[in-house]
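Have a look at the structure below before the remarks.
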Amino acid sequence: MPEHTWPSEWLRGVLDVCVLRILSGGPTYGYAIAARLADSGLGAIKGGTLYPLLGRLETSGLVTVEWRAGDGGPGRKYYELTDHGHRTLARRAAQWEAFTRTTGDLLASVPDASRAPDHPVHGPAHHPHRRPDQPEENR
């Protein structure tokens with residue numbers, strides 16, 4: 001998929017449920033999770049974002065962690081979804097689906113930009129330094 005630069009606040013809102021979804025496929029390690037997120041179109045997620053999130057998921061009881069020996073290299077920390085994590089994923093995925101449907105319906109009604117007024121709230125006649133009660137010649 002093409003690489004996108006998504007607003008960071010959007011990623012913060014959905015990253016945990018995306019990580020839970022990846023982990024629902026079985027135990028895996030941080031680098032592989034980051035690669036799956038990137039391959040899915042979310043872009044490159046830095047370790048400084050991903051590893052604290054994985055720590056919070058562990059603290060919340062949604063994942064367990066196990067160190068495994070590496071094949072000829074250093075060991076890796078594997079993350080696995082708990083039963084609580086599976087239930088949370090199902091609930092959060094349903095909530096996210098409802099949320100995106102709601103926002104999608106709202107945003108589907110955004111007017112064509114070529115027909116939008118000059119000012120998003122007041123239209124082309126609004127001038128922030130003029131009082132509306134001033135006669136035309138004093139404006």
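Would you please list the contacts, defined by Cβ atoms under 8 Å and residues six or more apart or on different chains, that run from a residue in the stretch 14-25 that is surrounded by 18 or more Cβ atoms within 10 Å (Cβ to Cβ) to a residue that is among the basic types (Lys, Arg)?
Close Cβ pairs satisfying both conditions: 16/56; 16/92; 20/92; 22/36.
Name, by its number, the condition in (1) in contact with a strand residue (DSSP E or B) (Cβ under 8 Å, 6 or more places away or on another chain); (2) surrounded by 13 or more Cβ atoms within 10 Å (Cβ to Cβ) that does not hold for residue 92.
Condition (1) is where residue 92 drops out.
Quick one: in the stretch 29-61, of everything that is β-branched (Val, Ile, Thr) and crowded, with 18+ Cβ neighbours inside 10 Å, which residue is nearest to residue 76 (Cα to Cα)?
33
Every read-out reported here was derived from the displayed coordinates using simple, explicitly stated rules and does not represent laboratory data. Only a predicted model underlies this, so the values are computations on that prediction, with no experimental measurement involved. Cβ sites come from the backbone with ideal geometry, for glycine too, and all protein chains shown count toward neighbours.
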